Each structure stands twice: as C-alpha cells, then as structure tokens.
Amino acid sequence: MIFETHAHYDDARFDDDRDILLSAMPQHGIGRIINVGASVASSRASLKLAETYDFVYAAVGVHPSETACLSEESFDWLKRQTNGSKVVAVGEIGLDYYWEKESAVRRLQQHWFRRQLELAVLSGLPVIIHSRDAAADTLRILKETAGKITGVIHCYSYSPELAEELIEMGFYIGVGGVVTFRNAKKLKETVSRIPSDRILLETDCPYMAPEPHRGLRNNSTLIPFIAEQIAAQKGISREEVERITWDNAMRLFFHTKRESSGVSPQ
Ligand code: NI
C-alpha cells in the first residue's frame with residue numbers, strides 16, 4: 001500500500017471528477033492520503049474530505065503565500081481544528097521567498113510560520129513544511145523549536161547536506177514528482193544519500209506530475225513513478241520503497257500525535 005502524504009484534492013482542477021478519482025484510490029493501492037490545507041478555506045475543505053473518505057486525513061494550516069488570510073480570529077479557528085480526530089498535522093506552513101521579495105511581507109511570513117509552529121508544539125502534531133528559496137531562515141526558525149517538533153520538509157529542493165541536518169533534527173524529507181525529472185540532479189543525490197527510513201512519498205497534486213506525465217494534472221495514482229525513481233537511486237525494489245515509506249508516514253503522522261502534549265487522542 002502507498003501512503004500519499006501531500007495532496008490538494010480540494011483544488012478546483014478536481015471539481016469535475018473528485019469523487020470518481022478519490023473513490024478509486026484504494027483499488028490503485030493508495031491506502032492513505034493526507035489532504036493538506038494551504039489557506040483557511042482549503043483547511044476547511046481538507047476537513048470535509050477527511051470526513052467523507054475514511055482513508056483521507058487532513059492537515060490544517062496556512063501556506064506562506066496565503067498568510068494574508070490569517071488574523072487572530074482565523075488563527076483561533078485553526079487552533080480549534082487541531083483537536084479533530086482526523087487531523088494528523090499542521091500544514092502546510094513555512095516560507096516562500098521565491099514569490100515574495102519584499103522584506104516586510106517576508107517578515108509577516110516568518111511571524112505566521114512561528115505562530116503555527118507553536119500551534120504544533122501545543123497540539124503535539126507534526127508539521128508539514130513548505131520552504132522555497134528560504135533555506136537559511138527556515139532552518140533558523142525551526143531551530144527555535146528544536147526537540148519539540150517533528151515533521152516533513154515537503155517537496156524538498158535544497159542540498160543533501162541540509163537534508164542530513166534536518167534529519168538530524170528529527171525531520172523527514174518529502175519526495176515527489178521532481179525526482180523523476182531529468183534535470184533533478186541535486187534531489188536524486190539527496191535521495192541516494194539520506195536514510196530510507198526518513199523518506200516520504202507525496203504528489204502535491206494537482207501540481208508536480210512525475211515523468212512521463214510532467215506538465216499534466218497530477219494525482220496519487222502516479223506515485224509508483226516516483227517510488228520507481230527512488231528505488232533506482234537506492235538500489236532496492238519499488239515495492240520495498242512503498243513499504244518503507246508507508247511505515248515512515250505511519251510513524252510520523254500516527255505515532256507522533258499528541259504524545260508530546262500529553263493530551264489524549266480522541
Ligand atoms: Ni502543497
């Protein structure tokens with residue numbers, strides 16, 4: 001079975017066939033899916049999907065590029081959702097300097113990144129981190145909660161050395177369609193170097209479709225193309241990659257939950 005750790009099935013690109021697609025996932029060997037919130041609205045939509053499908057779980061959080069939708073009031077709403085029985089992570093949260101060049105807005109991203117990390121500490125949930133062109137600040141901020149937090153750096157795009165440092169801090173590395181791209185030398189090297197028990201499979205669908213579907217709408221049934229490439233880098237079978245990454249996701253999202261906060265799971 002495959003554990004898909006990062007999907008956005010609430011996206012409008014699934015409006016025409018969302019139910020057909022999702023209902024067929026177990027037949028395609030997709031055993032569990034985390035639908036990841038990127039705004040208040042999509043966090044709400046993720047909760048709804050998790051309510052509808054027993055194999056879908058939700059992450060609630062606000063993406064750095066969407067932090068304008070956050071206020072103390074919406075943050076409180078987010079906080080309340082972390083108690084939900086199918087909420088397995090706070091995410092996706094982080095920093096995105098690729099799209100944002102202005103320092104005042106970058107500071108605002110950092111503010112809400114810290115606040116949402118605190119939320120994860122409070123709730124005992126792992127985090128799903130989005131970080132683009134912001135390696136130094138992401139590492140600096142994550143170090144502030146070192147030892148109190150675990151999670152995944154989703155769609156990992158930095159150096160193998162930084163991956164090793166993040167793993168040392170307790171994080172997992174999310175690997176998606178990019179690893180199948182011919183020019184993804186750095187990510188392939190990262191995958192070769194890091195331990196298999198710290199890799200998670202993800203699509204980030206509808207984005208980031210793997211080869212040979214690059215540029216088309218992505219969905220979780222394409223994960224075997226990603227697993228195949230990881231298997232090639234590691235010199236193991238695709239089935240083994242699927243089995244190991246399933247165990248990794250179970251360990252991170254289902255055994256981390258609320259242990260640290262002492263609040264009993266619902
Ligand atoms: Ni995403």
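Taken as a whole, the condition of being under 21 Å from Asn218 (Cα atoms), among the acidic types (Asp, Glu) and either at pLDDT below 95 or touching a helix residue (DSSP H, G or I) at 6+ places or on another chain (Cβ under 7 Å) (or both) applies to Asp10. The set of residues from the range 227-242 being among the hydrophobic types (A, V, I, L, M, F, W, C) and in contact with a strand residue (DSSP E or B) (Cβ under 9 Å, 6 or more places away or on another chain) comprises Ala227, Ile230, Val241.
This table checks each residue for (1) among the aliphatic types (A, V, I, L, M); (2) away from the ligand (no atom under 16 Å from the Cβ).
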residue: Ile2; (1), (2): yes, yes
residue: Ala7; (1), (2): yes, no
residue: Asp10; (1), (2): no, no
residue: Ala24; (1), (2): yes, yes
residue: His28; (1), (2): no, yes
residue: Arg32; (1), (2): no, yes
residue: Ala58; (1), (2): yes, no
residue: Gly61; (1), (2): no, no
residue: Gly91; (1), (2): no, no
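Scanning the range 229-252 for residues that are exposed (fewer than 15 other Cβ atoms within 10 Å of the Cβ) and either within 16 Å of the ligand (Cβ to nearest atom) or not in a helix (DSSP H, G or I) (or both) gives Gly235, Ile236, Ser237. Every test in (1) at pLDDT below 95; (2) closer than 23 Å to Glu4 by Cβ is passed by Ala146 save one, and that test is (2). Taking each residue of the range 26-42 that is among the polar types (S, T, N, Q) and modelled with pLDDT of 95 or more and looking for partners that are in a strand (DSSP E or B) and within 16 Å of the ligand (Cβ to nearest atom) with beta-carbon atoms closer than 7 Å, six or more apart or interchain, yields Asn35/Ala7; Asn35/Val56; Asn35/Ala58. If the condition is being buried (at least 20 other Cβ atoms within 10 Å of the Cβ) and of a type in the set (S, T, N, Q), then the range 60-99 contributes Thr67, Gln81, Thr82.
The values are calculated or read from the model by the stated rules, or taken from the named source; none is laboratory data. Note that the structure is a prediction, hence the values are computed from the model and not measured. Quick reminder, even Gly has a Cβ in these numbers, built from the backbone with ideal geometry, and neighbours come from all protein chains shown.
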